[in-house]
Each structure stands twice: as C-alpha cells, then as structure tokens.
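A.B. asks: Got a structure for you, questions after.
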Amino acid sequence: MKKANIAVVMTCHNRRNTTLVCLHTLYEQKHHCDVYLTDDGSSDGTAQAIKAEYPDVHILQGNGNLFWVGGMHLAFNEAIKNQYDYYLWLNDDTFLEPNAVSKLLQIHQDLTAQGYPDSIVVGSTKDPMTEKATYGGAVKSKKWYSNKFEFLEPSSVIQKCDAMYGNCVLIHKTVAVKVGNIDTAFIHSLGDLDYALRARKLGCQIWVAPGYIGTCTKNSIRNSWVDTNLSILQRLQKALQIKGFPLKPWTIFCIRHSGPLWIFYWFLPYIRAIIGYKNLAISPTFSEDINQSKSEV
C-alpha cells in the first residue's frame, strides 16, 4: 500500500476516559496519523489528560457551545491548512480495530485504481456487547414519498451508498478540495448528512468498507424526541432543540436537499414528535451527540 499522510479530525466534550480509550486504539494503528482534536470546553480534565498521554495531539479549544458540527469544523479547518492526503473523521466513542486505518486507506487506493479517486470511504461499527451493527453508511429509501436514509448493513464486499454517519469516515484530499469543510449552518445534527449529499452532488462517490472497523455503542431513544413515554409537549420541545431539528438549520437542510416538496418534509419531524409514530419517513439525524452518541430516528 502506498504510504500516505493522514489527519484525524475529532471533537470531544466531558467524557475524558472514553476519549482516551479512543485515542489509545488510534495510536495502536500501524499507519501513523496526526490528530486534530477540538476540546469543546470540557470541565473534566479531558485536555490535560490528552496532553499528558498524547502530547502530539493538536488540541483546539472550544467554548462549550460548538457541539459536533462546530467542533469538527474547527479541527477539520486546522487540518486542511496542512494539506494532508487524507482526513479521517473519528468520533471519540468509536474504538478502532488495529488494522482499521490501513483497511480504509487500502480501499481508497483500490478505488483510485478503478477510476474513483474522488471517494469517501465509510467504516461501519458494531455494538461491543451485542455485536450488532450500529453506525456506518446509509442509502436513500426507495419509497417514492420518503426522504429517509436507511442504515446500510456492512457485508463482505465494498458497497456504494448515498450518505453516512460521521463516526469513522475517510475523506481523500480531492474530495476535501471540492466539498470544503463541514457547514456551520448546522449546529449538532445533519452536518455529516449534508456533507455527504453535497459531495455526491459534486460528483464524489461514497462507499462502505466491508465488515467492521471497530465498535461504538448505539444511543438509546430514551428521553429523546421520539420517546413515546414523554408527553407530546416534551417531545416537541426536544425536537426543536439543538440535538434534534432546530428550525433554522432544518429549514436550510430541507431547502438544500429535499427538492420542490421541501416544505412537506420540513413538517415531518415535528409531526412525528407530536404523534409519536416511529415509522414516519423523514431524514435522519446523522450527527454525533458528543455527550451521548448518535441521535436516533
């Protein structure tokens, strides 16, 4: 495999031990990586612990209000300045297998040889206890009325997909040049989904790697905007919060990606929050919940 320089882009907030385990699995990789990590105002000593154990990590400080999109944007922007061959988005609750980075790099180099250099390679994760798939790539629902992206189970071969969760995503430099950074029009959710859809509109390809690259526990829907144990008002309030579908970012997303019927799709998450109907077809929230893990749909 051709040697390539790679920047790992991360953000974290107040889960020191989890972040340290993630970094431990990263530094056990055979391929050397430079790490750019935004510590978004952690009060649990995360930055200090990272400096002590991994002094080579480039730590950028946030004020506690960056959330996933802002934190990733800050770290990604700093990495892009140094013009790496590859950029690896990595959530700090994703624990990599020893050969994960090499696996993703090899897949991209194989794709380049096949004529697909402008490709994003997505790594799938599984639950460490149940070993069931948790995050990875996604494909658009084939139902004509749906604007939903459904999780794509990894298989023994590489698969093309339409979008991805941002847990472990390898982005080649040519894609980064075309698409740019994560859009701060979003705050916490939808940033990774928007990036994938913008990349595809610009002619880039998105692929899911075979098998799993590591583990990541899936977030529970308990106490979220789709938890039917909450009252209607509570669910609607949560749907409107930063980790749900805040009005301005959700409007931007719908106008940008949902076509002439965007206003119809715009209403759907709020209707779903009100009626508590778990199968209503809407666009998922694909961004990392820094404090809990992924948001559910």
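The values are calculated or read from the model by the stated rules, or taken from the named source; none is laboratory data. If you're wondering where the values come from, they're calculated on a predicted model, not measured in any experiment. We place every Cβ from the backbone using ideal geometry, glycine too, and count neighbours over all the protein chains shown. Calculation scope for accessible area: heavy atoms of the full protein, side chains included, ligands and nucleic acids excluded. Shrake-Rupley method; radii C 1.70, N 1.55, O 1.52, S 1.80 Å.
A.B. asks: Take the residues of segment 167-195 that are farther than 20 Å from residue 84 by Cα and of a type in the set (A, V, I, L, M, F, W, C): which is surrounded by the most Cβ atoms within 10 Å (Cβ to Cβ)?
C.D. replies: Per the criteria, the residue is 190.
A.B. asks: Among the residues of segment 50-75, what is the count of those that are touching a residue at least 24 places away in the same chain (Cβ under 8 Å) and either crowded, with 19+ Cβ neighbours inside 10 Å or outside any loop (DSSP other than H, G, I, E, B) (or both)?
C.D. replies: First pass over segment 50-75, keeping only residues touching a residue at least 24 places away in the same chain (Cβ under 8 Å): 50, 53-54, 57-58, 60, 62, 64-75.
If we keep only those that are either crowded, with 19+ Cβ neighbours inside 10 Å or outside any loop (DSSP other than H, G, I, E, B) (or both) too, we end up with 50, 53, 57-58, 60, 62, 66-75.
Number satisfying all stated conditions: 16.
A.B. asks: Have a look at 88, 96, 111 and point out the one that is more than 21 Å from residue 215 (Cβ to Cβ) and either of a type outside the set (Val, Ile, Thr) or free of Cβ contacts under 8 Å to residues at least 40 places away in the same chain (or both).
C.D. replies: 111
A.B. asks: Still on this structure, I have one more. Are any residues in segment 172-221 on the phi < 0 side of the Ramachandran plot and either free of Cβ contacts under 8 Å to residues at least 12 places away in the same chain or among the acidic types (Asp, Glu) (or both), and if so, which ones?
C.D. replies: Of everything in segment 172-221, those that are on the phi < 0 side of the Ramachandran plot and either free of Cβ contacts under 8 Å to residues at least 12 places away in the same chain or among the acidic types (Asp, Glu) (or both) turn out to be 177, 183, 192, 194, 201.
A.B. asks: Something else about it: Only one of these is open to solvent by less than 30 Å² (accessible area, probe 1.4 Å), in contact with a strand residue (DSSP E or B) (Cβ under 6 Å, 6 or more places away or on another chain), under 30 Å from residue 19 (Cα atoms) and modelled with pLDDT of 75 or more: 214, 244. Name it.
C.D. replies: Details: 244 fails: in contact with a strand residue (DSSP E or B) (Cβ under 6 Å, 6 or more places away or on another chain).
The conditions single out 214.
A.B. asks: Select, from 100, 113, 47, the only residue that is farther than 18 Å from residue 15 by Cα, modelled with pLDDT of 95 or more and surrounded by 15 or more Cβ atoms within 10 Å (Cβ to Cβ).
C.D. replies: 100
A.B. asks: Condition check: at pLDDT 95 or above and over 16 Å from residue 104 (Cβ atoms). Does residue 25 satisfy that?
C.D. replies: no
A.B. asks: Here are the criteria: (1) modelled with pLDDT of 95 or more; (2) under 30 Å from residue 157 (Cβ atoms); (3) surrounded by 15 or more Cβ atoms within 10 Å (Cβ to Cβ); (4) of a type in the set (A, V, I, L, M, F, W, C). Tell me which single one residue 202 does not satisfy.
C.D. replies: Checking residue 202 against (1) modelled with pLDDT of 95 or more; (2) under 30 Å from residue 157 (Cβ atoms); (3) surrounded by 15 or more Cβ atoms within 10 Å (Cβ to Cβ); (4) of a type in the set (A, V, I, L, M, F, W, C), the one that fails is (3).
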